[in-house]
């Protein structure tokens, strides 16, 4: 069974590499490059994007009532998200240093670049900032908690869990007491060199 799981994890890694290659093709298709974390479009593409931008007033006039009503609820979530960002950053800086776990690099998860697209108006750009920040903080937090779980309790659940993190597949099986005792320290050691 462990061999099957290892094969599946390897297949997932190959698919992730394939995804990276497809994203590179997408860069070519939409005529942009990424240099030093900066996105650069060809000038002709930028001009086309600017022509396609819908100004704020017409955009607001086309907004549905449900979108207007829900906006304060959506934007108010930035408060708990920012609090989580702050507290989980403090948590990892204290605990991970004590445990010898490599720190999670926040900038790998919190990526806010869509607001630079010329075809978005100011409100759309703000929405893209919000979603990039919110989803990035959730992903950043998830990786911190995943490393914590690997350090403290690298055991799979008895029941199926929807949406497990990438480390979960390598955890020991539920009920494998011997595997837990023999692999626990190995799991902890591997966290020292995590990128």
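No lab work stands behind these numbers, since they all come straight from the coordinates. Note that this is a predicted model, so its numbers are computed, not measured. Cβ sites come from the backbone with ideal geometry, for glycine too, and all protein chains shown count toward neighbours.
With Cα atoms defining each centre, region 52-108 and region 114-179 are spaced 14 Å apart in the structure.
Across the chain, the relative contact order, built from alpha-carbon pairs under 8 Å that are at least six residues apart, equals 21 percent.
Going from the residue with the fewest nearby Cβ atoms within 10 Å to the one with the most, 15, 129 rank 15, 129. Relative to the longest principal axis of the Cα atoms of the chain, the long axis of helix 43-52 lies at roughly 70 degrees. Taking each DSSP H run with n ≥ 4 as -39500 (n - 2.57) and averaging over every residue of the chain yields -21500 deg cm²/dmol at 222 nm. Going from the fewest other Cβ atoms within 10 Å to the most, the residues 107, 102 appear in the order 107, 102.
Over region 83-195, what is the relative contact order in percent, taking alpha-carbon pairs closer than 8 angstrom and at least six residues apart?
Numbers: 103 pairs, mean separation 33.3, N = 113.
Computed value for region 83-195: 29 percent relative contact order.
Relative to the longest principal axis of the chain, what angle (0 to 90°, nearest 10) does the C-alpha long axis of helix 177-190 take? Helix 177-190 sits at roughly 50 degrees to that axis. The angle between the Cα long axis of helix 65-76 and the longest principal axis of the Cα atoms of the chain comes to about 50 degrees, rounded to the nearest 10.
When the Gaussian network model of the chain links Cα atoms closer than 10 Å, the mean-square fluctuations of 113, 47, 36 top out at 36. Estimated from the Cβ-Cβ distance and a Förster radius of 22 angstrom, the FRET efficiency linking residue 84 and residue 63 is about 0.15.
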